[in-house]
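Remarks on the structure that follows.
The values are calculated or read from the model by the stated rules, or taken from the named source; none is laboratory data. The shown structure was predicted, so the numbers you read here are calculated from the model rather than taken from an experiment. Positions of Cβ are backbone-derived with ideal geometry, glycine not excepted, and every protein chain shown enters the neighbour counts. Calculation scope for accessible area: heavy atoms of the full protein, side chains included, ligands and nucleic acids excluded. Shrake-Rupley method; radii C 1.70, N 1.55, O 1.52, S 1.80 Å.
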Amino acid sequence: MQPSALHVDDWDDGVRVLTLSNPARRNALDDSQVARLDEALASAPGKVRAVLIQGEGGAFCSGYDLNLLAAPTEDRLPDDALMACLARLEALPLPSVALVRGPAFGAGFDLSASCDFRVGAEDALFSMPPARLGIVYSPDGLMRAARLVGVARAKNLFLTGRRLDAKDALAWGLLDECLPAAEAETRALELCRTLAGQAPLAVAGMKETFRLLTRAALSDEERAHLREVRARAFASEDAREGRAAFLEKRTPRFRGQ
């Protein structure tokens, strides 16, 4: 099986293209790939003025590797590294664009939501399956979705696990534009070049202002409580059943334990 990879290409016009590559799992993220993505984002400021994130082939990202969503340790949740990486992407002083082709499920959904702009191909497909897996998604990820589509629609997505095609994703606000595949790639690069041509300090300053204006105002105590809620869900029998049912392609039998 071909190992996962992250391809980093820096173009002369200031655009850094990050391509997820894990073809055997439709570009699902694993820990090593998250670490490489985090490193590529951390090293971006400088000559890089805009970042494009895409998946190799016909998928954007099918989620986080389910084998890694095991029970938490005393001081770590299974997706801590992923959430830290997405927080870095969201706070990046550079503008970012997601080119979404095919599935953007789970972590792929949140990865696209962490970008400033989302250009989709007509085969783009969005889904958030944590309720089907018996886990509680991160408050930051829930807030990102709620900012894009509103609280009611975010609940619809996260609590039902429904899938949205590109047309509905555009109508709901998950996509900024939707085009045929070849045109979507051209448009995403064109948008990155436009963004790269703007004044870097102005872009960084306005991005930071938007971030502070729209962040979730949770206290330390509330964040600690939600972390405990998530830890219990990750360690539950339902979470084990959800993962097993997904891998075995059957309907899960949840017991609320």
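Within the set of other residues whose C-beta is less than 14 Å from the C-beta of Q257, count the net charge using Lys and Arg as +1 and Asp and Glu as -1.
On the way: positive: R232, R240, R253, R255; negative: E237, D238, E241.
Around Q257, the surrounding residues sum to +1.
How many percent of DSSP beta bridges within the chain run antiparallel, rounded to 5? Don't jump to the answer; show the numbers that get you there.
Working: 9 of 32 bridges.
So the antiparallel bridges in the chain amount to around 30 percent.
Spatially, segment 16-73 and segment 148-167 are offset by 23 Å when compared through their Cα centroids.
The alpha carbon convex hull volume per residue for segment 90-231 rounds to 101 Å³. Helices in the chain, meaning DSSP H runs of at least 4 residues, each add -39500 (n - 2.57). Divided by all residues, the mean residue ellipticity at 222 nm is -14000 deg cm²/dmol.
Protein heavy-atom accessible surface, 1.4 Å probe, per residue over the chain: 49 Å². Both numbers refer to the Cα atoms of segment 1-134; Rg and Dmax are 14.3, 46 Å. Rg over Rh for the chain works out to 0.95, using Cα positions for both radii and the Kirkwood form for Rh.
How large a share of the accessible area of the chain, in percent, is made up of carbon and sulfur atoms when the probe is 1.4 Å and the other protein chains stay in place? All intermediate terms of the calculation are to be shown ahead of the outcome.
Working: 6840 of 12570 Å².
Percent of accessible area from carbon and sulfur atoms in the chain: 54.
Evaluating kT/(6 pi eta Rh) at 37 °C and 0.692 mPa s, with the Kirkwood radius of segment 34-87 over Cα pairs in the Stokes-Einstein relation, gives 246 µm² s⁻¹. Within the straight-line cut-off of under 16 Å between alpha carbons, the aspartates and glutamates reachable from K167 are E122, D123, D176, E177, E183, sequence neighbours fewer than 8 places apart in one chain being disregarded. Cross-link partners of K207 among lysines, defined as those whose alpha carbon lies under 25 angstrom from its own and excluding same-chain residues fewer than eight positions apart: K47. Beta bridges assigned by DSSP with both partners in segment 50-188 are antiparallel in approximately 15 percent of cases.
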